1. If I ask for residues that are touching a strand residue (DSSP E or B) at 6+ places or on another chain (Cβ under 6 Å) and in a helix (DSSP H, G or I), which ones from segment 54-81 would you list?
2. Give me the pairs: first residue in segment 20-41 and within 30 Å of Leu83 (Cα to Cα), second residue open to solvent by 100 Å² or more (accessible area, probe 1.4 Å) and assigned to a loop (DSSP other than H, G, I, E, B), beta-carbon distance under 9 Å, and six or more apart or on different chains, which are they?
3. Mind listing whichever residues of segment 48-69 are farther than 11 Å from Val38 by Cβ and open to solvent by 50 Å² or more (accessible area, probe 1.4 Å)?
4. From the set of residues in segment 82-96 that are without any contact (Cβ under 8 Å) to a residue 12 or more places away in the chain and polar (S, T, N, Q), which is surrounded by the fewest Cβ atoms within 10 Å (Cβ to Cβ)?
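The values are calculated or read from the model by the stated rules, or taken from the named source; none is laboratory data. None of the values given here were measured: they were computed from a predicted structure. For neighbour counting, all protein chains shown are included, and Cβ atoms are generated from backbone atoms with ideal geometry for every residue, glycine included. Heads up: the accessible areas ignore ligands, DNA and RNA and are worked out on the full protein's heavy atoms, side chains in. Shrake-Rupley method; radii C 1.70, N 1.55, O 1.52, S 1.80 Å.
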Amino acid sequence: MVAVAGDAGRPTPRWKVTGVLREEPVVAFAVPVRDMHVLYGLKRKHYQGFASHQLPHAHEYFAPMEALTAYDGDKNPDLRAMLARASSTANFLNPP
């Protein structure tokens, strides 16, 4: 069960929240995930070791936690470039 905004805290079944099903399912079903990107924030010592010995999957992104929590970190050109590559608009020649 998940809480839905405006529902006064009453739990709403997940199947309703999806907006995909008209009626409650009577058998188990799976909904495929089309796209997923994960950004991991690691402590610097873990980041250094991981970055030098691992090959992340295409949907995984790694950054030192200090870069993610730094004051004005949103202005960090390296972080901005990485997030731009992780964006779904990066898959288009001319984003909409």
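1. Met65, Leu68
2. Val31/Val20; Val38/His57
3. So the first thing to find is which residues in segment 48-69 are farther than 11 Å from Val38 by Cβ, and the list is 48-55, 63-69.
Residues satisfying the conditions are Gln48, Phe50, Ala51, Ser52, His53, Gln54, Leu55, Met65, Glu66, Leu68, Thr69.
4. Asn94
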